[in-house]
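K.L.:
Below you'll find the structure I mean.
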Amino acid sequence: MKKSWLRNVAALALGALCVGPLAAAAQTFPDHAVRIVVPFPPGGTTDILARMLGNALGTEWKQPVVIENKPGASGTIFSEQLARTPADGYTLMVTATHHVINPALYKNLRYDTTADFTPIAQVAAVPNVLVVNTDFAERNRIDTAADLVAYAKANPGKVNFGSAGTGGANHLSGELFKSMTGVSMVHIPYKGAAPALNDLLGGQIPVMFDSVPGVLQHIRAGKLRALGVTSLTRSAALPDVPTLDEAGIKGFEATAWFGLYAPGNMDPKLTAKLSHDVLAALNTPAIKEQFAQQGAVPGMMKQPEFARFVAAEMDKWAKVIDDAHITIQ
């Protein structure tokens, strides 16, 4: 009995030695600068939102939060680096929906999107909006999403839709639209959203899904007609535009969103602290106002809910990609 008791005490002591430093590290985190990497170029929505979040966290933590840009291959280059980084919380990544899309697009990724990352928090959600060139809409009497569906079905393969590139969120929004409505539209990929939008405004392409901030001024100027937003709730920036779900495409949801990730196998206490601190920062009036100017809604998912959301998004987009036979060489 005495030996058994001594063994139990020794085991508890050993456990305390192992867990103690991890718990202490979580309590004192951060004690020096934190690096948040954006795997896209400066100036885009991901970069802007990451810098806003970094400023808020720096104030909360009273430590510098440094934002770095390491673009390449839809975010996969730095994602591979992060997967090999110690999970101490001092190197994090803010990235876009691409992170859950890439596993289905790239067959030779050198990391496991599920095992090699710890989802911390959803940073923000930004709805896309289905827009058509106004001249095209007026010529063909297209005022609603149902009108576009009817026109596309009457003209199979003759309606083009543009995107910022193959496999991006606006491309896959179009593929989901095709799948859920049964229309045949032709995807025209561009090297970025700007040239696609220019051709949409010029009438070279008639249809596009793009972020609300990206097209808002052109909708207000009457150059583009908004047929529906891709979120399940209306956009505050476009309160009179229905959701595509309301417009009759039941269950349509293809919101662009941005998440904060750490390397995999992070200590649960540190994961919980990071998630708590990020959600606290996102809930401040300053962040809400700054995000609203970008057409973004701050994320409010707690860490376990966000992890489940990430897994569900991977499954959803994998099906869209498989159904549309999309591949990246």
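K.L.:
Could you go through the range 232-249 and let me know if any residue there is within 30 Å of Ala115 (Cα to Cα) and either in contact with a strand residue (DSSP E or B) (Cβ under 8 Å, 6 or more places away or on another chain) or at pLDDT 95 or above (or both).
P.N.:
yes
K.L.:
Can you find even one residue in the range 111-133 that is in contact with an Asp or Glu (Cβ under 6 Å, 6 or more places away or on another chain), hydroxyl-bearing (Ser, Thr, Tyr), surrounded by fewer than 21 Cβ atoms within 10 Å (Cβ to Cβ) and more than 17 Å from Leu238 (Cβ to Cβ)?
P.N.:
yes
K.L.:
How many residues are assigned to a loop (DSSP other than H, G, I, E, B) and farther than 30 Å from Arg35 by Cα if we restrict to the range 237-266?
P.N.:
16
K.L.:
Of Val229, Val207, Val212, which residue is crowded, with 22+ Cβ neighbours inside 10 Å, touching a residue at least 12 places away in the same chain (Cβ under 8 Å), over 21 Å from Val159 (Cβ atoms) and within 25 Å of the chain's Cα centre (by Cα)?
P.N.:
Sole residue among the options that is crowded, with 22+ Cβ neighbours inside 10 Å, touching a residue at least 12 places away in the same chain (Cβ under 8 Å), over 21 Å from Val159 (Cβ atoms) and within 25 Å of the chain's Cα centre (by Cα): Val212.
K.L.:
From (1) in a strand (DSSP E or B); (2) buried (at least 20 other Cβ atoms within 10 Å of the Cβ), pick out the condition that doesn't hold for Arg35.
P.N.:
(2)
K.L.:
Right, here's the next one. What are the residues in the range 168-203 that are within 23 Å of Phe40 (Cα to Cα) and either in a strand (DSSP E or B) or not assigned by the TED database to the domain that holds Ala247 (or both), if any?
P.N.:
Correct list: Ile188, Pro189.
K.L.:
Taking Asp322 as meeting all but one of (1) assigned to a loop (DSSP other than H, G, I, E, B); (2) among the charged types (D, E, K, R); (3) over 17 Å from the mean Cα position of the chain (by Cα), write down the number of the exception.
P.N.:
Going through (1) assigned to a loop (DSSP other than H, G, I, E, B); (2) among the charged types (D, E, K, R); (3) over 17 Å from the mean Cα position of the chain (by Cα) one by one, Asp322 breaks only (1).
K.L.:
Helices (runs of 4 or more DSSP H) wholly in the range 73-142 with at least 2 residues that are aliphatic (A, V, I, L, M) - which ones?
P.N.:
76-83, 98-105
K.L.:
Still on this model: Please state which of the following conditions Val297 fails to meet, knowing it meets all the rest: (1) surrounded by fewer than 20 Cβ atoms within 10 Å (Cβ to Cβ); (2) closer than 24 Å to Gly214 by Cβ; (3) in contact (Cβ under 8 Å) with a residue 60 or more places away in the chain.
P.N.:
Condition (1) is where Val297 drops out.
K.L.:
Turning to a different aspect of this structure: Counting only residues that are farther than 19 Å from Thr46 by Cβ and under 18 Å from the mean Cα position of the chain (by Cα), which one in the range 237-262 is surrounded by the most Cβ atoms within 10 Å (Cβ to Cβ)?
P.N.:
If we take residues in the range 237-262 being farther than 19 Å from Thr46 by Cβ and under 18 Å from the mean Cα position of the chain (by Cα), then Phe252 is surrounded by the most Cβ atoms within 10 Å (Cβ to Cβ).
K.L.:
Among the listed residues Gly165, Gly182, which satisfies the condition of being modelled with pLDDT under 95 and not hydrophobic (A, V, I, L, M, F, W, C)?
P.N.:
Exactly one of Gly165, Gly182 is modelled with pLDDT under 95 and not hydrophobic (A, V, I, L, M, F, W, C), namely Gly165.
K.L.:
Still on this structure: Would you check which residues across the range 241-267 are free of Cβ contacts under 8 Å to residues at least 40 places away in the same chain and acidic (Asp, Glu) and list them?
P.N.:
Hits for the range 241-267 are Asp245, Glu246, Glu253.
K.L.:
What pairs come out if I take residues in the range 68-94 that are closer than 26 Å to Ala164 by Cα and not assigned by the TED database to the domain that holds Ala193 and pair them with residues that are in a strand (DSSP E or B) and of a type in the set (S, T, N, Q) whose C-beta lies under 9 Å away, six or more apart or interchain?
P.N.:
Here the result reads Gly75/Thr95; Phe78/Thr95; Ser79/Thr95; Gln81/Thr91; Leu82/Thr91, each pair linking the range 68-94 to a residue that is in a strand (DSSP E or B) and of a type in the set (S, T, N, Q).
K.L.:
With respect to Ala96, is the statement that it is of a type in the set (Gly, Ala, Ser) and either surrounded by fewer than 21 Cβ atoms within 10 Å (Cβ to Cβ) or touching an Asp or Glu at 6+ places or on another chain (Cβ under 7 Å) (or both) true?
P.N.:
Judged against the criteria, Ala96 is not a match.
The values are calculated or read from the model by the stated rules, or taken from the named source; none is laboratory data. As the structure is a prediction and not an experimental result, all values here were calculated from the model. Using ideal geometry, Cβ is built from the backbone for each residue, glycine included, and neighbour counts are taken over all protein chains shown.
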